[in-house]
1. Could you give the C-alpha radius of gyration of segment 3-493 expressed as a fraction of 2.2 N^0.38 Å, taking N as the number of residues it contains?
2. Which of Thr271, Ala60, Ala408 sits closest to the plus end of the dipole of the chain, meaning its Cα is farthest towards the positive end, when Lys and Arg get +1 and Asp and Glu get -1 on the C-beta?
3. Once the convex hull of the alpha carbons of segment 315-374 is built, what does its volume come to per residue, in cubic angstrom?
4. Suppose every K and R has +1 on its Cβ and every D and E has -1 on its Cβ; what is the size of the dipole of segment 3-493 about the Cα centre, in Debye to the nearest 20?
5. In the chain, with Lys and Arg counted as +1 and Asp and Glu as -1 at Cβ, which of these residues, His114, Leu485, Gly97, has the Cα nearest the positive end of the dipole, that is, farthest along it?
6. Please compute the contact order of the chain in relative form: average sequence separation of alpha-carbon pairs under 8 Å and at least six residues apart, divided by the residue count, as a percent.
7. Divide by every residue of the chain the summed helix terms, -39500 (n - 2.57) for each DSSP H run of at least 4, and state the resulting mean residue ellipticity at 222 nm, rounded to the nearest 500 deg cm²/dmol.
8. Provide Trp57, Trp395 in ascending order of the number of other Cβ atoms located within 10 Å of each residue's Cβ, fewest first.
Amino acid sequence: MSDSDIEEAELTGPAPQPAGPVSVIDYSERIPNNVGLATDRKLQRALESWQPAFLDWWAALGPSLPTRDVYLRTAIAIGRDGWASWARVPMEQYRWGIFLSERDGPRQIGFGQHMGEPAWREVPGEYRSELRRLIVVQGDTEPASVEQQRHLGATAPSLYDLRNLFQVNVEEGRHLWAMVYLLHAYFGRDGREEAGQLLRRHSGHPDSPRILGAFNEETTDWLSFFMFTYFTDRDGKYQLGTLKESGFDPLSRSCEFMLREEAHHMFVGTTGVQRIVARTAQVMAERGTDDIWRYGAIPLGTVQKYLNLQYSLSLDLFGSETSSNAAAYFTAGLKGRWMEGRRTDDHVLTAVTAQVPVVAADGTLSERTVPALTALNLDLRDEYVADCERGLRKWNLELDKAGLGPDARLTLPHPGFNRNVGVFAGHHVSPSGEVLDEAEWTRRAGDWLPTADDRGQVAGLMVPHYEPGEFASWLTPPAVGINDLPVEYDYVRF
Ligand code: BYC
Ligand code: FE
Ligand code: FE
């Protein structure tokens, strides 16, 4: 890190900011916030130049379906009512705000070598580049998902679902703002440079792709979207959960606030897949066959293939099972564990070991012992997998309820299946955990992952349903509408 970096860090230090001249723009109106934007000239200048670039990006790579307005929840203040203000909003007028969760009192770092010290209100010089890296990686995923989902509006199964898609999209846009705020307020010139780059990398771009693998994949259709919000947004939930523990207090508080919004994204995924499975189960039971394309429903085998793909892509997002990066982040107090406060160990982990998987040259799977600090990516992944299982139980209940036999079940594939990151990368592992040779993998991959043909069949069902109360044939209507409104409300107007 250069001296000018340190200088900038000091210059751009945190609140309390000196009261500047009263601005001509009403910042709390245009950019709702609780970070003192109205009196922070430096931050205003940075955001004033970034905001037009953001709006250009939103127009070019945000939702492509033209609409008049959408029934949206907007965070306009931090309190109980303010964070969920409901209204019909033209999407380009959505107010992307900047919010930090509020704290009762001073907070202490809860893990690592700085355990017990007061949480940092500015960036410690020695951790500047690691913190910036974590914030950039987090920030990069948010606009990436908007890009991946941009064309889904054209084939929405209902206005209710269309509205949920747009709600997720604007909130991912706000999550980008949350990370850009941190870069602008705490990282000086290189923070501003990174904030610009977040709008210049694009999902799937051959020359400047998004940073993490899953965010360069196509979200081809609504089955893929619901799997994405279930599995990939859930990685977001878990990663934000670890950053919420961070010793860098502004990051911790940003992530805590983002997690509130993330709950809705989890809801969209869980209930979206559940409604598909419910329809599938119903049609399978009625027709006595699992070949149900011709009845306008999605066969369970196809649902399983999409699940296999999105789950394995999402497991890659946790990084390698053993990672010196993860150990360093934890020891430095930058990134904690899931529910760090509820763990009963010493929160330092220097004297503990953990088991991680290994694949031998002959394909045998076993485990080896490593320092627990280096196995923290796996620790988080294990928490995530247990959470994923909970949704699967709900989905399988739909199959149970329809009276289908024990073979009609969705399952999570083996963690080694279809992996590109970590110990399983470079090996071919079947969903049941057998290590296969190249030839056998090639022969069977189409049984486990969506083929062009599967995607084509799914695409055939993706026709838009824009009449209020109308739903596509391949999923059931939701049990209730949004914010106590009826299911048949016109959540989106054209
Ligand atoms: N693709 O040491 P390793 C969300 C890189 S989702 C490509 O094992 P580490 C959202 C890695 O960066 C949550 N590259 O990894 C969801 C490293 O590169 P460098 C996003 C990958 O650092 C839906 C190298 O490989 N937030 O919010 O321990 C919609 C060695 O890896 C991948 C975060 O991820 C991959 N999948 O852990 C909207 C939190 N995996 O550094 C939003 C911040 C690894 O050698 N990020 N690599 O150049 C982190 O904590 C860590 O960067 C990771 C990786 C957990 C991602
Ligand atoms: Fe997000
Ligand atoms: Fe999300």
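Here, each number is a calculation from the coordinates, and none is a lab measurement. Fair warning: this is a prediction, and the values are worked out from it, not measured in the lab. Because the Cβ atoms are built from the backbone with ideal geometry, glycine has one as well, and the counts that use them run over all protein chains shown.
1. Cα Rg divided by the expected 2.2 N^0.38 Å: 1.00.
2. The one lying farthest along the dipole's positive direction is Thr271.
3. Hull volume normalised by residue count: 107 Å³.
4. The calculation lands at about 780 debye.
5. Farthest along the dipole direction, towards plus: Leu485.
6. In percent, rounded to a whole number, it is 18.
7. Helices in the chain give a 222 nm mean residue ellipticity of -15000 deg cm²/dmol.
8. Trp57, Trp395
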